[in-house]
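**Student:** Before anything else, here's the structure in question.
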Amino acid sequence: MDNGNGGDHRPGRVLVVGGTHGNERNGLWLLDQWRQHPGQLHRHGLALELVVGNPVAAQANRRYVDRDLNRSFRAELLSDPDNQELEVLRARQLLARHGPAGNKPCLVAIDLHSTTAAMGNSLVLYNRRPASLALAAVLQRRLGLPIYLHESDSCQSGYLGACWPCALVIEVGPVAQGLVNGRICQQSQIAVETALDALAQAREGPFALGSALLVHGHLRSMDLPRHGDGSPAGLVHPSLQDRDWRPLGAGDPLFLAGDGTTTAFSPENGDGSGTLWPVFINEAAYGEKGIALSLTRREMVPVAAGWAPSLTELARRLERDPP
């Protein structure tokens, strides 16, 4: 697996992926429209690779076939010759074709996702690579997008976006699985075009990113309360539903049991004291993973001097779209 450091410094393209999860149809719809009508996407002169992440799952309108593709980019899975699961094979294929050292190398990955949770238009980062942080800082300044920094979680890893030297996940919701929604598509396209514009500007040299980046750093995920047989003993409390990115303090309702009993949030629930911010509340696809919501802590990350030059160095290696 490529370590995300840029491979052999060959020129590369921007990888735009839709359908990493086959039942998230909005990214797939956008890819199809951009292929049929290239003028509908303002590419800012950059050469793109428009790729369906999981074509087999997309054809079946399923999230995945054998395992979640967006958890399949783990070194131990990719290097295991006995592992022939469809999504592991696809992860190997994507890296061989479009990884930084691939046959058609890409240096930037933009992964389009939608969610049933009320996340609005947001970004997800899986690490603190300088170029990714710089690109996220531009989108936050221009579009006001919240950022979920999901790192250092031993239970959830192997993400597509962690394998490229610069990567963003554009996550938009709420929208039902399998449904194409015009608002979701419009918000996704705006974020993609803003990222491409930032990359095009970065080719001209470092630019101002502000003094700090506001991120919501992942602490841990929480499951519903459960009976001894594993069945749910409660549900997300109605007053918490759809309150992604909003503060959750001690005593606030968390879960509601069938008998009407409320479980309140406490520092013990959140692995720390003070106010936390939940994200991906009641995401439909996460039930199988034992996740009812994830808890984050707000963090102001100072913009380092090397972020903008790192993005500029990478952007200058991007191929231009043929006229």
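**Student:** Helix-only mean residue ellipticity at 222 nm, the chain, DSSP H runs n ≥ 4 weighted -39,500 (n - 2.57), per residue, nearest 500. What is it?
**Tutor:** Estimated from H runs of four or more residues: -7500 deg cm²/dmol.
**Student:** Which loop-located chymotrypsin sites (Phe, Trp or Tyr not before Pro) does the range 188-266 contain, where loop means any DSSP state but H, G, I, E or B and the Cβ has at most 15 other Cβ atoms within 10 Å?
**Tutor:** The qualifying sites are F207.
**Student:** What list of ³J(HN,Hα) values in whole Hz, one per residue of the range 14-27 in order, does the Karplus curve 6.51 cos²θ - 1.76 cosθ + 1.60 (θ = phi - 60°) give from phi, with Gly and Pro shown as x?
**Tutor:** In residue order, the calculated couplings are 9, 8, 10, 10, x, x, 4, 10, x, 9, 9, 7, 5, x Hz.
**Student:** Only one of the values (1) 22.1; (2) 21.2; (3) 20.3 was calculated from this structure for Kirkwood radius over Cα pairs in Å; name its label.
**Tutor:** Identified label for the calculated read-out: (3).
**Student:** In whole Hz and in residue order, list the ³J(HN,Hα) couplings for the range 135-144 that follow from phi through the Karplus curve 6.51 cos²θ - 1.76 cosθ + 1.60, θ = phi - 60°; x for Gly and Pro.
**Tutor:** Computed from phi, the couplings for the range 135-144 are 5, 5, 4, 5, 5, 5, 5, 7, 10, x Hz.
**Student:** Go through the range 255-260 residue by residue and turn each phi into a ³J(HN,Hα) via Karplus (6.51, -1.76, 1.60, θ = phi - 60°); whole Hz please, and just put x for glycine and proline.
**Tutor:** Values, residue by residue: 10, 10, 7, x, 8, x Hz.
**Student:** Would you mind telling me which residue in N61, N282, N70 has the biggest mean-square fluctuation in a Gaussian network model of the chain, where springs connect alpha carbons within a distance under 10 angstrom?
**Tutor:** Most flexible of the set in this elastic network: N61.
**Student:** Moving to a separate point now. Which shape class, rounded, prolate or oblate, goes with the range 237-307 when its Cα gyration tensor gives a ≥ b ≥ c as root eigenvalues, a/c under 1.5 marks rounded, and past that a/b bigger than b/c marks prolate?
**Tutor:** Verdict is prolate for the range 237-307.
**Student:** Here is a follow-up. Assuming a ≥ b ≥ c are the square roots of the Cα gyration tensor eigenvalues, decide whether the range 67-135 counts as rounded (a/c under 1.5), prolate (otherwise, with a/b larger than b/c) or oblate.
**Tutor:** oblate
**Student:** Using only the alpha-carbon atoms of the range 202-323 as identical scatterers, what base-10 log of I(q)/I(0) does the Debye formula give at q = 0.13, 0.19 Å⁻¹?
**Tutor:** Values, matching the q order: -0.65, -0.98.
**Student:** Additional query: Considering the range 89-192, what Rg and Dmax in Å follow from its alpha-carbon atoms?
**Tutor:** Just the Cα atoms of the range 89-192 yield Rg and Dmax of 14.1, 38 Å.
**Student:** Amide H to amide H, which residues 5 or more places from L15 or on other chains are under 5 Å from it, using H placed in the peptide plane?
**Tutor:** E49, L107, V108, A109, I110
**Student:** Ranking T261, T194, T20 by Cβ neighbours within 10 Å, fewest first, what do you get?
**Tutor:** T261, T194, T20
**Student:** Order these by the 10 Å Cβ neighbour count, fewest first: I291, I281.
**Tutor:** Lowest count first: I291, I281.
**Student:** If you don't mind, there's one more thing I want to ask. Taking amide H positions as placed 1.01 Å from N in the peptide plane, with prolines and chain starts having none, which residues 5 or more places from T115, or on another chain, fall under 5 Å of its amide H?
**Tutor:** So T115 has HN proximity to V172, G173, V175.
**Student:** With a/c under 1.5 counting as rounded, go ahead and sort the range 12-88 into rounded, prolate or oblate using the C-alpha gyration tensor (a ≥ b ≥ c being the square roots of the eigenvalues; past the cut-off, prolate if a/b is larger than b/c, else oblate).
**Tutor:** Taking the square roots of the gyration eigenvalues as a ≥ b ≥ c, the range 12-88 is oblate.
**Student:** Going by how many other Cβ atoms sit within 10 Å of their own, how do L235, L107 line up, fewest first?
**Tutor:** L235, L107
**Student:** Now, a different point. Pull up all non-local amide H partners of D223: gap of 5 or more, or a different chain, and H-to-H distance under 5 Å with H placed in the peptide plane.
**Tutor:** So D223 has HN proximity to A292.
**Student:** Follow-up. P(r) tail for the range 1-144, what percent of Cα pairs lie past 21 Å?
**Tutor:** Tail fraction, whole percent: 49.
Taken together, the values in this text are just the output of simple stated rules run on the coordinates, not laboratory data. Small disclaimer: the values here were computed from a predicted structure and weren't measured. We place every Cβ from the backbone using ideal geometry, glycine too, and count neighbours over all the protein chains shown.
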